[in-house]
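The structure appears below as structure tokens.
The values are calculated or read from the model by the stated rules, or taken from the named source; none is laboratory data. The structure displayed is predicted, hence computed values, not measured ones. Please note: Cβ atoms are built from the backbone with ideal geometry, for glycine as well, and neighbour counts cover all protein chains shown. Side chains are part of the model used for accessible areas, which takes the heavy atoms of the whole protein and leaves out ligands, DNA and RNA. Shrake-Rupley method; radii C 1.70, N 1.55, O 1.52, S 1.80 Å.
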Amino acid sequence: MKKLFLSVVAAIAGCAAFSQTTVDLSVIGRLDANPNFYTGEDKGVAYSSGNSVIYTDLEASFGEHVAFTWIGHWLDTGGEKIPFKATSDLYKNSFYSNSNWTDFCYFDFMGGGFTFRLGKDCMAIGGFEYDPYDWEVTHDMVSLLWQNLNCYQWGASLLYTTPSEKSIFQLQAVSATNTIEYDEEDELKKWRPWQNGFGTYSFKYTGEYGPIYTSNAYGWMQTDGKTFGNPASGVEFLTLSVTGACCDQFSIGLEWQNRRDTAKKIACAKDFFNQSNRTLLKLDYTPSDKFEVQFIGGYEHIGINGELVNWMGEEGDLNHWFAGASFYYFPLEDSHDLRIQASVAGGNHLYTSYTKGVSATVGILYNHTFHIVK
């Protein structure tokens with residue numbers, strides 16, 4: 001993987017010498033300490049290195065109409081005590097639909113307000129929870145959906161940005177994420193992107209109108225091995241969100257999502273809304289350029305057995321709640337490249353063991369960008 005990355009960087013940098021190419025390479029490192037205090041049946045104290053990771057973000061523009069993005073996830077901790085201990089897990093599923101060492105890898109072809117995107121991209125699932133990059137996230141302050149969904153998939157999108165640049169419409173078709181099944185001997189089966197026609201299809205709308213930002217999506221993820229010649233089952237999702245800035249220092253956001261198994265017949269509205277859903281609330285307070293405080297809370301009901309078996313290894317409905325606060329300090333002058341952070345969160349399914357309790361996270365995040373401009 002290292003040779004592949006260096007080869008791509010060298011090839012793009014070489015193009016800069018002969019064309020109007022701009023290349024930016026960012027190297028991002030995060031190091032966390034994450035003690036957990038369990039209060040449920042497994043009462044006790046545990047420790048992990050949280051979301052300690054190393055990423056790279058390679059972005060290149062070839063003139064006005066073509067751009068390339070590749071975000072690589074090179075070192076990972078995976079809830080282990082020792083930083084980066086779970087790195088080998090990133091590469092076990094290379095070229096399968098649950099591959100993890102490449103998040104984004106796509107080309108954008110732009111013109112007349114339209115963008116055609118081809119490659120690996122985040123599913124157009126809507127809402128604000130997927131807006132931060134993975135290295136910015138504290139695991140106990142996100143939903144179970146975020147923790148378990150393999151949202152980076154291969155496919156294509158068509159986007160249209162209005163002349164005012166206030167609205168973006170996106171149609172997307174990418175490979176399905178729930179393409180993991182177990183055979184009769186309980187052995188894991190892995191599927192390659194688009195194998196057996198598995199796909200995820202969605203429409204997303206984002207709008208920014210002064211202090212108001214909204215991100216909404218509707219889509220369908222195929223979850224069985226049937227083709228479209230048969231009634232293929234899947235998970236239908238609807239996401240609605242709105243964020244409003246009350247002033248320069250304070251904003252509030254609300255996100256709601258509903259998911260249902262399309263194989264189940266809907267007899268009434270209750271059947272539609274009571275399968276799986278989640279509600280998120282976010283408050284941001286920025287008293288100055290050097291400080292930021294963020295409060296996040298959420299509640300999820302997971303009632304689709306396929307989701308629950310894949311995520312938790314058990315059957316039946318699950319109710320999950322979490323809440324927490326993060327404090328960020330940016331010590332560098334006129335820069336957010338270096339972030340010192342502290343978080344405290346509580347919930348009934350903490351990330352490391354899905355056990356009820358309280359967690360604390362302290363860490364440091366550094367993002368350094370190298371510019372190659374022609």
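Does K43 satisfy the condition of being under 22 Å from the mean Cα position of the chain (by Cα), at pLDDT below 90 and surrounded by fewer than 18 Cβ atoms within 10 Å (Cβ to Cβ)?
For K43, the condition - under 22 Å from the mean Cα position of the chain (by Cα), at pLDDT below 90 and surrounded by fewer than 18 Cβ atoms within 10 Å (Cβ to Cβ) - is not met.
Output the number of residues of segment 64-93 satisfying the condition of being assigned to a loop (DSSP other than H, G, I, E, B) and of a type in the set (F, W, Y).
1
Which pairs do you get when a residue that is open to solvent by 10 Å² or more (accessible area, probe 1.4 Å), found in segment 137-154, comes within reach of a residue that is of a type in the set (D, E, K, R) and not in a helix (DSSP H, G or I), reach meaning Cβ atoms under 6 angstrom, with the pair 6+ apart or on two chains?
If the second residue must be of a type in the set (D, E, K, R) and not in a helix (DSSP H, G or I), the pairs left are W146/E129; Y152/D103; Y152/K120; W154/K120.
Go through segment 94-127 residue by residue and tally those that are in a loop (DSSP other than H, G, I, E, B) and within 22 Å of G50 (Cα to Cα).
Of the residues in segment 94-127, 4 are in a loop (DSSP other than H, G, I, E, B) and within 22 Å of G50 (Cα to Cα).
Anything in segment 80-136 that is open to solvent by 20 Å² or more (accessible area, probe 1.4 Å) and touching a helix residue (DSSP H, G or I) at 6+ places or on another chain (Cβ under 8 Å)? List them, or say none.
Once the filter is applied, which keeps residues that are open to solvent by 20 Å² or more (accessible area, probe 1.4 Å) and touching a helix residue (DSSP H, G or I) at 6+ places or on another chain (Cβ under 8 Å), segment 80-136 yields N100, Y130.
Taking the conditions exactly as written (over 22 Å from V174 (Cα atoms), over 18 Å from the mean Cα position of the chain (by Cα) and at pLDDT below 90), does F250 satisfy them or not?
In short, no.
Given the structure, is W74 more than 18 Å from T200 (Cα to Cα) and open to solvent by less than 20 Å² (accessible area, probe 1.4 Å)?
No: the conditions fail for W74.
For segment 304-317, state whether one or more residues are farther than 28 Å from Y38 by Cα, modelled with pLDDT under 95, assigned to a loop (DSSP other than H, G, I, E, B) and out of contact with any strand residue (DSSP E or B) (no Cβ under 8 Å at 6 or more places or on another chain).
No, that holds for no residue.
Give segment 330-356 a look and list any residue that's surrounded by fewer than 13 Cβ atoms within 10 Å (Cβ to Cβ) and touching a residue at least 24 places away in the same chain (Cβ under 8 Å), or say none.
P331, D334, listed by residue number.
How many residues, within segment 112-137, are more than 22 Å from S26 (Cα to Cα) and out of contact with any strand residue (DSSP E or B) (no Cβ under 7 Å at 6 or more places or on another chain)?
Total satisfying the criteria: 1.
Just one of (1) among the β-branched types (V, I, T); (2) open to solvent by 40 Å² or more (accessible area, probe 1.4 Å); (3) at pLDDT 95 or above trips up T22, so point out which.
Of (1) among the β-branched types (V, I, T); (2) open to solvent by 40 Å² or more (accessible area, probe 1.4 Å); (3) at pLDDT 95 or above, only one is false for T22: (3).
Being within 21 Å of the chain's Cα centre (by Cα) and under 22 Å from R30 (Cβ atoms) narrows it down to one residue among S97, S88; which is it?
On inspection, the qualifying residue turns out to be S88.
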